[in-house]
Amino acid sequence: MDPNWKAKDVQMRAVINQKLIETGEKERLKELLRNRLIECGWRDQLKAHCKDVVRKKGLDQVTVDDLVAELTPKGRELVPDDVKKELLQRIKAFLAQQASV
């Protein structure tokens, strides 16, 4: 394996991210994701989980770090596969379009 692979990967991700920002596609993708997560009930599920964590730990005992540690993996787990696939397809289409420009 090429020892520079990791550096090249990081560089490529940075270039893609910059293109997404420059074209406004990143904001469009974020808005799409936000809407899809609301539509599928993800937001409500995560909100309920957050309330459970606060209830279990106690309002005076829970910290923002506790909530982030509890909610981050749960939030990722709850994203429906079809939402992930749609977002991935949109990114692939964007990259294909950029490659042909």
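The values are calculated or read from the model by the stated rules, or taken from the named source; none is laboratory data. Computed from a prediction, not measured in an experiment: that's the story for all the values here. Every residue, glycine among them, receives a Cβ derived from its backbone with ideal geometry; neighbour counts consider all protein chains shown. We work out accessible area using only protein heavy atoms, side chains counted, and drop any ligands, DNA or RNA first. Shrake-Rupley method; radii C 1.70, N 1.55, O 1.52, S 1.80 Å.
Model label points for ASP65 and ASP82, set 7 angstrom from Cα along the Cα-to-Cβ axis, are 4.0 nm apart.
Among [x] 8.9; [y] 9.3; [z] 5.7, which is the computed mean projected area of the Cα convex hull in nm²? Here mean projected area of the Cα convex hull in nm² agrees with entry [y]. Dipole magnitude for region 7-66: about 120 debye, using +1 per Lys or Arg Cβ and -1 per Asp or Glu Cβ, origin at the Cα centre.
Taking a ≥ b ≥ c as the square roots of the eigenvalues of the Cα gyration tensor, an a/c ratio of 1.5 or more together with a/b no larger than b/c marks region 1-54 as oblate. Dipole magnitude for the chain: about 100 debye, using +1 per Lys or Arg Cβ and -1 per Asp or Glu Cβ, origin at the Cα centre.
Treating the angle as unsigned and between 0 and 90°, give the value, to the nearest 10°, between the Cα long axis of helix 64-78 and the longest Cα principal axis of the chain. The two axes meet at around 60 degrees.
Helix 25-39 sits at what angle to the longest principal axis of the chain, using alpha carbons and giving 0 to 90 degrees rounded to 10? The answer is roughly 40 degrees. Note on THR72 and GLN98: with the Förster distance fixed at 30 Å, the Cβ-Cβ geometry gives a FRET efficiency of about 0.50. Solvent exposure of the chain amounts to 79 Å² per residue of accessible area, where only protein heavy atoms count and the probe is 1.4 Å. With a simple spin-label model that places each label point 7 Å from the Cα along the Cα-to-Cβ direction, the separation between GLN89 and LEU29 comes to 1.6 nm.
Counting only alpha carbon atoms, the long axis of helix 81-100 and the longest principal axis of the chain meet at about 20°.
Between LEU46 and GLN18, 0.36 nm times their residue separation minus their Cα-Cα distance comes to what? Fully extending the segment from LEU46 to GLN18 adds 7.1 nm. Ellipticity at 222 nm from helices only: DSSP H runs of n ≥ 4 in the chain, each -39500 (n - 2.57), divided by the residue count, give -28000 deg cm²/dmol. Surface composition of the chain: carbon plus sulfur atoms contribute 55% of the solvent-accessible area (1.4 Å probe, protein chains only, all chains present).
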